[in-house]
1. Please verify whether the range 178-193 includes one or more residues that are open to solvent by 40 Å² or more (accessible area, probe 1.4 Å), outside any helix (DSSP H, G or I) and closer than 20 Å to Met75 by Cα.
2. Output the qualifying pairs, or none if there are none: Cβ atoms under 9 angstrom, residues six or more apart or on different chains, first residue in the range 168-195 and under 22 Å from Thr301 (Cβ atoms) and at pLDDT 95 or above, second residue open to solvent by 40 Å² or more (accessible area, probe 1.4 Å) and among the aromatic types (Phe, Trp, Tyr).
3. Taking the residues in the range 144-157 that are in contact with an Asp or Glu (Cβ under 8 Å, 6 or more places away or on another chain) and either buried (at least 16 other Cβ atoms within 10 Å of the Cβ) or among the β-branched types (Val, Ile, Thr) (or both) as candidates, determine which candidate is farthest from Pro79 (Cα to Cα).
4. From the list Asp260, Asp235, exactly one residue is under 22 Å from Ala133 (Cβ atoms), in contact with a Ser or Thr (Cβ under 9 Å, 6 or more places away or on another chain) and open to solvent by 30 Å² or more (accessible area, probe 1.4 Å). Which is it?
5. Count, please, the residues in the range 120-143 that happen to be under 18 Å from Leu70 (Cα atoms), open to solvent by 10 Å² or more (accessible area, probe 1.4 Å) and not aliphatic (A, V, I, L, M).
6. Specify the residue that is nearest to Asp153 (Cα to Cα); the eligible residues are those in the range 73-114 that are among the aliphatic types (A, V, I, L, M) and touching a His at 6+ places or on another chain (Cβ under 7 Å).
7. Here is a list of conditions, (1) open to solvent by 30 Å² or more (accessible area, probe 1.4 Å); (2) part of a helix (DSSP H, G or I); (3) under 29 Å from Ser262 (Cα atoms); (4) not charged (D, E, K, R), and Asn98 meets all of them except one; can you say which number that is?
8. Mind listing just one residue for me: the one in the range 264-291 that is part of a loop (DSSP other than H, G, I, E, B) and touching a residue at least 40 places away in the same chain (Cβ under 8 Å) and, of those, least open to solvent (accessible area, probe 1.4 Å)?
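The values are calculated or read from the model by the stated rules, or taken from the named source; none is laboratory data. Predicted model only: the values in this text are computed from it and were never measured. Ideal geometry is used to build each Cβ from the backbone, glycine not excepted, and the neighbour counts take in all protein chains shown. Ligands, DNA and RNA are stripped out before the accessible areas are found, and what is left, the full protein with its side chains, is counted by its heavy atoms. Shrake-Rupley method; radii C 1.70, N 1.55, O 1.52, S 1.80 Å.
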Amino acid sequence: MTEYVSTTPGLFPLPDWAKDDLSDLKGHQKHDLISGDEGDEITAAYAEGRENVISAQVDAGLDRISEGQLRWDDMLAHPLAVHDAVDTQGIVRYYDNNNFYRDPVVQGDLDFSGDVASELESAAELTDGDLQAVLPGPYSLADLATDDHYGDDAEFLGAIADFLEGEIEAFPEHETLFLLEPSLVESAPEDGADERASEAIDQVAQATDADVVVQPYWGALEEKMYAHLLDADIDAVGFDFVANQDENLYNIQEYGATDDISLGLADGQSTLVEDAEAVRDRVDWVYDQLPVAEFETVYLTTNTETFYLPYNKFEDKLAVLAEAAELAEVKAA
């Protein structure tokens, strides 16, 4: 029988109180953003915020608990933005939206950092639930960065994969790893690069015994990229059914799917809160369009990160996902 798992891609909004407090503590300039060496007051504020978002997930009944990535001022570029070998330079638009991040310019070897592992260790101390790790996928992280050291796109992607592999090896025990890969859609790799992207994802996935979900979003993968991604040793591919239904369905119908699947059925950027039964019905609709009889695990999630949302709407979305997974389990029983 299919297991339905409610979760998120991480990168949560700050609680309202934390947004106000951290604005006062950190300042408002580019050089005030997180660099990995924040002082005690800022560290304490983020620690309390982490407790809040973990409690929110537990209270909602989510099946996977994310750390929340509240410190990720630079969104998916964060693991590089806090690295000693990286210089954060000019402000760059974060994909095609109204958020911006500091351009992480890699100027030396990307050796071990441990920043994300430390966050996960803190999260593990706050919950007995199944922990979910979240990282940018290697292709997206390389796409968001500037290489001023390796000098070759393939070598740079390989270095990013090596870096992420080393970071994962320091993670505490976790049940699931979400690798977020919006650049596979937004900046689709060309011939040759698509295969290298899949190989880099495969390398990163091998660093953990957890279930690995590769979550592209803001559209659908190009056919060839999707086919290459299925060659990687991963447990699930994610599909953004908010942004694009037809092409995502076509990929599954034409090329098949992994044994598990991640369905982005709630809008991570819209303040409109979906009805849990409507989300469950969308699961049925997806099944009705596909040639497969059953998946082993279905992850129910927002299609994108949720840091775009007001905190109260974020909490509402968590509750919807948890309830939708429960409804799907009941119907499947």
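1. So far as the range 178-193 goes, yes, one or more of its residues are open to solvent by 40 Å² or more (accessible area, probe 1.4 Å), outside any helix (DSSP H, G or I) and closer than 20 Å to Met75 by Cα.
2. Pro182/Trp218; Val185/Trp218; Glu186/Trp218
3. His149
4. Exactly one of Asp260, Asp235 is under 22 Å from Ala133 (Cβ atoms), in contact with a Ser or Thr (Cβ under 9 Å, 6 or more places away or on another chain) and open to solvent by 30 Å² or more (accessible area, probe 1.4 Å), namely Asp235.
5. 4
6. Among them, the one singled out is Val106.
7. Failing condition for Asn98: (2).
8. Taking the candidates together, the pick is Gly268.
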